[in-house]
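The values are calculated or read from the model by the stated rules, or taken from the named source; none is laboratory data. Here the structure is a predicted model, which means the values were calculated and not measured. Note that we place each Cβ from the backbone using ideal geometry, even for glycine, and neighbour counts take in every protein chain shown.
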Amino acid sequence: MSDVLLLRERVPSGSDEPVDPVSLGALVTRAWYWPEAAEAVQRVKSATRIAAIAAPTPIDAALLATTSAAKAVDASVVAVLWESTGLLHDPKVFVEQAADAGREDLPLYLWVRFEGTRASDGTLGMRTTGLAALGAMEVEVEGSKRDGEQILECVTDVALFLLTSETVPPDGETIEVTRGELRVRRMPSLRNDGSIALRVRV
């Protein structure tokens, strides 16, 4: 599901939806990439839904929803919410990234949530949310001694590989990324929800 909500600071005429400020406030904690998110959501009064359109693939549907939402952004929109992953975006950033969006340049950071984790031993990890909705496996890292920026780069590379490749890499296969090669394993998700994720050793 690739619905987008345009969050507005006023209530226009038409079929806009009411907004739950408590739910929006909870999403602010995930928006580490947008420092002004908390201030923006305090001004939200209503939301316009841009519904995902039927398309040949989930990625095509996401691209259509992205470009449609970007065209509908006006001065009253103070935030854009990618509903399936709970990602809040600055409207200007959303429009800028949507402008170049296409099969050859997927706006991954508009669609997919990258959640960093830290273990008790100080090692870092990361989990994606949103790749499954796009027809791919979620990507996970556990127990890495690299810094967060390097982990994010590797996970992004693997995510893009999954979304642009015609096949899912077999268990144990090595794939090429920006910093060399990474071995991937199909393993039970660290979320313990019964799903299978692509585990990457970074």
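Matching residues to (1) assigned to a helix (DSSP H, G or I); (2) surrounded by fewer than 21 Cβ atoms within 10 Å (Cβ to Cβ):
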{"position": "Ile53", "(1), (2)": "no, yes"}
{"position": "Thr66", "(1), (2)": "yes, no"}
{"position": "Ala69", "(1), (2)": "yes, no"}
{"position": "Asp74", "(1), (2)": "no, yes"}
{"position": "Ala79", "(1), (2)": "no, no"}
{"position": "Val93", "(1), (2)": "yes, yes"}
{"position": "Ala98", "(1), (2)": "yes, no"}
{"position": "Glu115", "(1), (2)": "no, yes"}
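Of everything in the stretch 178-202 that is hydroxyl-bearing (Ser, Thr, Tyr) and closer than 15 Å to Thr129 by Cα, the residue that is surrounded by the fewest Cβ atoms within 10 Å (Cβ to Cβ) is Ser195.
Screening Leu88 against (1) among the hydrophobic types (A, V, I, L, M, F, W, C); (2) free of Cβ contacts under 8 Å to residues at least 12 places away in the same chain; (3) buried (at least 16 other Cβ atoms within 10 Å of the Cβ) leaves a single unmet condition, (2). For the stretch 142-151, does any single residue satisfy the condition of being buried (at least 18 other Cβ atoms within 10 Å of the Cβ) and at positive phi? Scanning the stretch 142-151, I find no residue that is buried (at least 18 other Cβ atoms within 10 Å of the Cβ) and at positive phi, so the answer is no. For the stretch 128-137, indicate whether the set of residues that are of a type outside the set (Gly, Ala, Ser) and farther than 24 Å from Thr29 by Cβ is non-empty. Yes: the stretch 128-137 contains one or more residues that are of a type outside the set (Gly, Ala, Ser) and farther than 24 Å from Thr29 by Cβ. Being of a type outside the set (D, E, K, R), within 17 Å of the chain's Cα centre (by Cα), within 20 Å of Asp60 (Cβ to Cβ) and modelled with pLDDT of 90 or more is a description that does not apply to Leu198. Checking the condition aliphatic (A, V, I, L, M) and over 30 Å from Arg201 (Cα atoms), which residue from Ala62, Ala119, Ala98 passes? Sole residue among the options that is aliphatic (A, V, I, L, M) and over 30 Å from Arg201 (Cα atoms): Ala98.
Residues of the stretch 128-141 that are at positive phi and surrounded by 19 or more Cβ atoms within 10 Å (Cβ to Cβ): Gly130 alone. Inspection of the stretch 36-50 identifies no residue that is β-branched (Val, Ile, Thr), loosely packed, with under 13 Cβ neighbours inside 10 Å and in a loop (DSSP other than H, G, I, E, B). For the stretch 7-22, the condition of being under 26 Å from Thr156 (Cα atoms), touching a strand residue (DSSP E or B) at 6+ places or on another chain (Cβ under 7 Å), among the hydrophobic types (A, V, I, L, M, F, W, C) and buried (at least 19 other Cβ atoms within 10 Å of the Cβ) holds for none of the residues. Screening Val78 on (1) of a type outside the set (Phe, Trp, Tyr); (2) touching a Pro at 6+ places or on another chain (Cβ under 9 Å); (3) under 28 Å from Val158 (Cβ atoms) shows it passes everything except condition (3).
Please go through the stretch 124-151 and give me each residue that is among the small types (Gly, Ala, Ser) and assigned to a strand (DSSP E or B), ordered by number. Result: Gly125, Gly143, Ser144. Note on the stretch 152-177: residues that are exposed (fewer than 13 other Cβ atoms within 10 Å of the Cβ) and assigned to a helix (DSSP H, G or I) amount to 1.
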